[in-house]
Amino acid sequence: VFLIKGLYHELTPSNRDQKQLLDDNYVSKLMQRYGKTLNQGELLFQAGDQAHCMYYVVRGEVQLIKNSQVLRVAQTGDYLGEMALLSQSPAIADAIVISEQAEVLVIAPENLETLLLDEPTVAMKFLREMATRFQQQHQSS
């Protein structure tokens, strides 16, 4: 959980360069432990899957498709799968890699729950992101 917490730190102009130097090593360690590398066209998950994990896109692009309609494209720094994880329901869309390759971190439900309970700042950032997505989705409907 402590390792994953670093994914949610804010970047400011004053710490951006220093943080970038640390990111490569940090992300490399996370990828060794929790990472998955997929090639273009591969499925990260598909509609109906019961695996209740959240995914953080380290590099690449993953398209979420439901009934042949693109819901959104998750890019480097985005996460996906949170709705199925939080609601403990099957995935409602397919997640397909559209970049040449994608590296993603797989975040288990127990790790996310511990992180959100122990870190109110991270929990608020997570909730704000979900609320923003929800608003955008309903504005485009």
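The values are calculated or read from the model by the stated rules, or taken from the named source; none is laboratory data. Keep in mind that what you see is a predicted model, and the values were worked out from it rather than measured. Backbone-built Cβ (ideal geometry, glycine too); neighbour counts: all protein chains shown. When the accessible area is computed, the model is the full protein with side chains, heavy atoms only, and any ligands, DNA or RNA have been set aside. Shrake-Rupley method; radii C 1.70, N 1.55, O 1.52, S 1.80 Å.
Could you tell me whether residue 86 is crowded, with 18+ Cβ neighbours inside 10 Å and out of contact with any Cys (no Cβ under 8 Å at 6 or more places or on another chain)? Write out each step before concluding.
Working: crowded, with 18+ Cβ neighbours inside 10 Å: no; out of contact with any Cys (no Cβ under 8 Å at 6 or more places or on another chain): yes.
No, not satisfied.
Listed residues 112, 80; which is modelled with pLDDT under 80, buried (at least 19 other Cβ atoms within 10 Å of the Cβ) and within 13 Å of the chain's Cα centre (by Cα)? Walk me through how you get there before you give the answer.
Details: 80 fails: modelled with pLDDT under 80.
None of the others qualify; the one that does is 112.
Results for (1) more than 22 Å from residue 30 (Cβ to Cβ); (2) in contact with a helix residue (DSSP H, G or I) (Cβ under 9 Å, 6 or more places away or on another chain), shown as yes or no for each residue.
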position: 91; (1), (2): yes, yes
position: 100; (1), (2): no, no
position: 106; (1), (2): no, yes
position: 112; (1), (2): no, yes
position: 115; (1), (2): no, yes
position: 119; (1), (2): no, yes
position: 123; (1), (2): no, yes
position: 135; (1), (2): yes, no
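Is one or more of the residues making up the stretch 19-39 under 22 Å from residue 112 (Cα atoms), surrounded by fewer than 12 Cβ atoms within 10 Å (Cβ to Cβ) and at pLDDT 85 or above?
Within the stretch 19-39, one or more residues are under 22 Å from residue 112 (Cα atoms), surrounded by fewer than 12 Cβ atoms within 10 Å (Cβ to Cβ) and at pLDDT 85 or above.
Just give me the residues in the stretch 97-108 being in contact with a strand residue (DSSP E or B) (Cβ under 7 Å, 6 or more places away or on another chain) and either among the charged types (D, E, K, R) or buried (at least 21 other Cβ atoms within 10 Å of the Cβ) (or both), in sequence order. Break it down into steps so the answer makes sense when it comes.
Initially, the stretch 97-108 is screened for residues in contact with a strand residue (DSSP E or B) (Cβ under 7 Å, 6 or more places away or on another chain), giving 97-99, 101-107.
Of everything in the stretch 97-108, those that are in contact with a strand residue (DSSP E or B) (Cβ under 7 Å, 6 or more places away or on another chain) and either among the charged types (D, E, K, R) or buried (at least 21 other Cβ atoms within 10 Å of the Cβ) (or both) turn out to be 97, 102, 103, 104, 105, 107.
Mind checking which pairs have a first residue in the stretch 52-69 that is without any contact (Cβ under 8 Å) to a residue 12 or more places away in the chain and a second that is open to solvent by 40 Å² or more (accessible area, probe 1.4 Å) and not in a strand (DSSP E or B), Cβ under 9 Å, 6 or more apart or different chains?
67/47
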